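Below: the structure, in C-alpha cells.
The values are calculated or read from the model by the stated rules, or taken from the named source; none is laboratory data. Note that the structure is a prediction, hence the values are computed from the model and not measured. We place every Cβ from the backbone using ideal geometry, glycine too, and count neighbours over all the protein chains shown.
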Amino acid sequence: MGGPRRMSSALLLPFALLSLPPVGAFNATAYREEVESSLRLVHAVATGATGALCVTHRYGRLHAPLHAARWDAARARADLAANLLRQLGLENAEVLTAVSQSLVMGSSSSERAVGSRVVALQPDGVVQGSIAWERYGTGEPVAVPSPQMDKPPDPEYPWYVSAYQTEELRSSRFMPSPPGAAMGGWWTYPYYSCEAERWLMSYTAPVSKIRGLSGVVSLDIDISNLEINQCEAKYEDENDNQIYSFHGTHKCPNETTYCIYKRNRGMNIRHTGWARGSYICKCRPGFYSIHHPEGFNGSLIEVAYQEYEEGGLENWSEPYECFKCQPGCETCSGPEPCLATYNWPFRISLLVISVSCAGLTVCLTIYTRHHRRVKVFRVASPVFLSITLLGCAIMYMEMAAIFPVLDRYSCIATKWTRHMGFCITYTALLMKTWRVSLTYRVKSAHKLKLTDKQLLQWMAPILLIMLVYLCTWTLSSPPDAEVITDDLGLKFKQCTYNWWDHSLAIGEILFLLWGVRVCYRVRHAESLYNEARLISIAIYNIFTVNSLMIAFHLLILPRAGPDIKYLLGFIRTQLSTSTTVLLVFLPKVLRVVRGTGDTWDSRARARGVPASSSLNGIGLVPDDPPDLYQENEELKEEVQKLAAQIEFMKIVQMEMHNRHLRPRPGGYFSSQAPNSHSPVHNNSNSQESTEWTGPV
C-alpha cells in the first residue's frame, strides 16, 4: 500500500520539545488550543457527557503525545509480525489469524495488547482479508468484527490512514517518533473508544507490497490506567505514569498560587486518572485565602476558564487568587500583621530627651572647663570630670543607635556606644575612688600623692583593652540584627547576643564588683564637698541598675515588643547615666551658682579634714600655685605635735634612772601611783612619804 511510511528524523522536532509538529508549522497558540480541546474531551468522558461524541463518532482523538517506551516489547512484537507477513505473504487466512492472535498473547502487561488486527489490502485500497482480536483481562482472545471485505477501511479508524487521503509522509494521526528510534511503524495519539469504553493507543506497522497486496499490522494498548497531571513536572521518575503533554496546563494564577496534583483514587469510578482539574491551587508562601485555606478546587477553575473561553467574564481568575500577606509574613492565614508596629511619636520623644541630655552633657563639659579654677571643680580634677562627661554623652547616644529598625550598622553602633561609654565613664570615676583608697590607708605624716597624669597612665590600658576588644568584635564577627517575636507573635529585629556579648558582660560585672569593693573600703573617708561618697553612690547605682535591667530583659519581659524594649533602654540610660551626672556634678554646679564654689567645706574642716586635702589626695592640682596660708596652718599643727612629743621624751629621760632625784609621792615614777599618766605629779600637800627604791 502507499500508506504511511517511516518519516525521516530530519523532519521531526527533537523529542525533548514534546514532539510537536515541525518548526515551520509550529504555533504555540494553536498547540495550546489543541491541548485545551483534548482536556474538554477528557472532561466529557470523565463526566459521562459522551452523547454528542459517541452518537456521531466512534472514537475521540487527543492531540497529546506521550512516552511510549514502556510498550516497546509490544511494539517489537508488532514489528516482528509485520516482517513475518512480508516473508509469508498476505494471501493465507490462517497465517493472518495466527499472527494477529499472537499479538494479544503476551505474558506481561507491557507485552500484552488488548486488541490486534491484520488487514490485507488490494492495490486500490480495498480490503482483501482481515482478522481482529480482543482480550479482556487475563482471559483468552476473542475474535471481533474486522473491517468489511471488498470495501476500504473506515477512515475513522485511528490506526489507519489511506495513502490516497494524505500527501504528507506522516499522517497527523500518528505521533512523531523519538529521534534515533528503530521503529517499523508509528504510534497513534491517545483516543477514546466508545465501543470499548476505555482509552486506547494503537501501534501500526505497514507491510510492504507482496504479489500485489499490501497490509497493516496494528495492536491496541489500554492506557486507561494513565494519569493526567496538569501541574508542572518536578521529577521524571515520579511522572512515568503521566501524560507529559498535559504538564503545565493548569489554570492556577501563577503569581499567587501554585499547583498540587491530587490523585483521584475512587474505586467506583472508571478511568480515575483521566480527569480534568485533578489538582488544587494552593496559595504560595506569602499569600493567603480566608475562605479557601486548603486551596481552590481545580475542577471549578477549569470550568471557569472554559466559560471565559466561550465568552464569559474577563476577570475569571479573580475569585481564585490569593491575597498578599502583610509585610514580613512568610506564611499567613489572614490579613493579620506579622511585623510589630513601631510607635514612632513615642520613640521620637524618648530620642529627643536622650539627645538633649547628650547636648546638656557637652555643655556641662564646657562649663566645667570654664570653671576649672574654682575650688569645687579644681579639687575634683577637671580632667577626670571632663572624661566622665564624655563617656556619659556617648552612652546617651545609644538611644539614637537603637532608634531605627535595627540592621548590622545600627547594632555595631549600639555595642560601641554602650560599652565604650560605660568604660570611659566609670573607669574615670573608679580611678578617682581608687586614689582615695590608696591615700586613705596611709598612716604616716607623709601623704601619698597620685597626680592626674599618673592616674591617666593607669586608665589608658583599660580603655585600650576595651578598644581592641570592640575592634576585633566588629571586624571578625560584626553583630547583626535577628528576627524575633513578641508575646503576640509579631516579628521585629533585635541585635544578636552571642559569646562576644556574654564575655564582655562578665568583664563589666567583674569591673563593677571591683568598683563596689573600692567604694566600700573608702566608705569612712572624709573628703571635701562629700566627693567620695557621691562617687560611691554612683557606682552602687550603676551596678544595681544593670542587674535589674538584666533581670527585666531575661526573666520578667523576655518577649517584650520593640517599643517596650526601647523604653527599657531609655529607663536604663536615665537611671544610670543621668543619675551619675546629677550625683557628681549637680552639687558642684549649685555651689558655683550660689557663689560658694571657692569656699572651703566648713563641715569637712570641722571633722578634721585638712584644708589642702581633697579626698586624701583626689583632685589636687600640683601645677597650681600653693595656698601659703593653708600650708602655714598645717605646718603649725605639725610643729606643735612634734614639740609636745619632744618635751615628753625629755622629761622621761631626765627622771628615769636618775638617783639624785627622789620620786615624789604620786608621781609618774612612783610605785604607789602606777596608773598615773603624767611625768610630773603636782600634789605637794600629800602627807605620805615613800622611799625611792631605785638603784643606788
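Summary table
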{"item": "The one condition in (1) touching a strand residue (DSSP E or B) at 6+ places or on another chain (Cβ under 7 Å); (2) in a loop (DSSP other than H, G, I, E, B); (3) surrounded by fewer than 19 Cβ atoms within 10 Å (Cβ to Cβ) that CYS252 fails to fulfil", "result": "(3)"}
{"item": "Those residues of the stretch 299-314 which are within 41 Å of the chain's Cα centre (by Cα) and not aliphatic (A, V, I, L, M), in sequence order", "result": "SER299, GLU302, TYR305, GLU314"}
{"item": "From THR388, THR433, residue being crowded, with 20+ Cβ neighbours inside 10 Å, at pLDDT 90 or above and under 28 Å from VAL516 (Cβ atoms)", "result": "THR388"}
{"item": "The one condition in (1) small (Gly, Ala, Ser); (2) farther than 30 Å from GLN574 by Cβ; (3) modelled with pLDDT of 90 or more that ALA358 fails to fulfil", "result": "(2)"}
{"item": "All positions within the stretch 347-371 that are of a type in the set (D, E, K, R) and closer than 27 Å to SER381 by Cβ", "result": "ARG369"}
{"item": "Contacts under 6 angstrom Cβ, first residue in the stretch 43-71 being closer than 20 Å to TYR160 by Cα, partner part of a helix (DSSP H, G or I), 6 or more apart", "result": "GLY60/LEU41; GLY60/LEU53; LEU62/SER38; HIS63/GLU34; HIS63/SER38; ALA64/SER38; ALA64/SER245; PRO65/SER245"}
{"item": "Filtered residues of the stretch 156-210 (kept if part of a strand (DSSP E or B), at pLDDT 85 or above and aliphatic (A, V, I, L, M))", "result": "LEU200, MET201, ALA205, VAL207"}
{"item": "Considering residues of the stretch 577-595 that are of a type outside the set (D, E, K, R), out of contact with any Leu (no Cβ under 8 Å at 6 or more places or on another chain) and surrounded by 15 or more Cβ atoms within 10 Å (Cβ to Cβ) only, the residue farthest from CYS423 (Cα to Cα)", "result": "VAL592"}
{"item": "Elements of type helices (runs of 4 or more DSSP H) contained in the stretch 287-383, each with 1 or more residues being under 20 Å from PRO404 (Cβ atoms) and of a type in the set (Ser, Thr, Tyr)", "result": "344-370"}
{"item": "Residue within the stretch 465-482 that is at pLDDT below 85, surrounded by 15 or more Cβ atoms within 10 Å (Cβ to Cβ) and among the aromatic types (Phe, Trp, Tyr) present", "result": "no"}
{"item": "Meets criteria (at pLDDT 90 or above, surrounded by fewer than 18 Cβ atoms within 10 Å (Cβ to Cβ) and out of contact with any strand residue (DSSP E or B) (no Cβ under 8 Å at 6 or more places or on another chain)) for SER444", "result": "no"}
{"item": "In the stretch 47-75, the residues that are more than 29 Å from ASP240 (Cβ to Cβ), in contact with an Asp or Glu (Cβ under 8 Å, 6 or more places away or on another chain) and crowded, with 16+ Cβ neighbours inside 10 Å", "result": "ARG58"}
{"item": "Matching residues in the stretch 182-215 - criterion: being more than 56 Å from the chain's Cα centre (by Cα), crowded, with 23+ Cβ neighbours inside 10 Å and of a type in the set (Val, Ile, Thr)", "result": "THR204, VAL207"}
{"item": "Residue in the stretch 326-348 that is touching a Lys or Arg at 6+ places or on another chain (Cβ under 8 Å) and more than 30 Å from TYR566 (Cβ to Cβ) present", "result": "no"}
{"item": "Meets criteria (in contact (Cβ under 8 Å) with a residue 60 or more places away in the chain, buried (at least 17 other Cβ atoms within 10 Å of the Cβ), within 13 Å of MET395 (Cβ to Cβ) and out of contact with any Gly (no Cβ under 9 Å at 6 or more places or on another chain)) for VAL545", "result": "no"}
{"item": "Residues of the stretch 487-503 satisfying the condition of being of a type outside the set (D, E, K, R) and either under 18 Å from TRP473 (Cα atoms) or exposed (fewer than 12 other Cβ atoms within 10 Å of the Cβ) (or both)", "result": "LEU488, GLY489, GLN494, CYS495, THR496, TYR497, ASN498, TRP499, TRP500, HIS502, SER503"}
{"item": "Flag if ARG559 is in contact with a Ser or Thr (Cβ under 9 Å, 6 or more places away or on another chain) and without any contact (Cβ under 8 Å) to a residue 12 or more places away in the chain", "result": "no"}
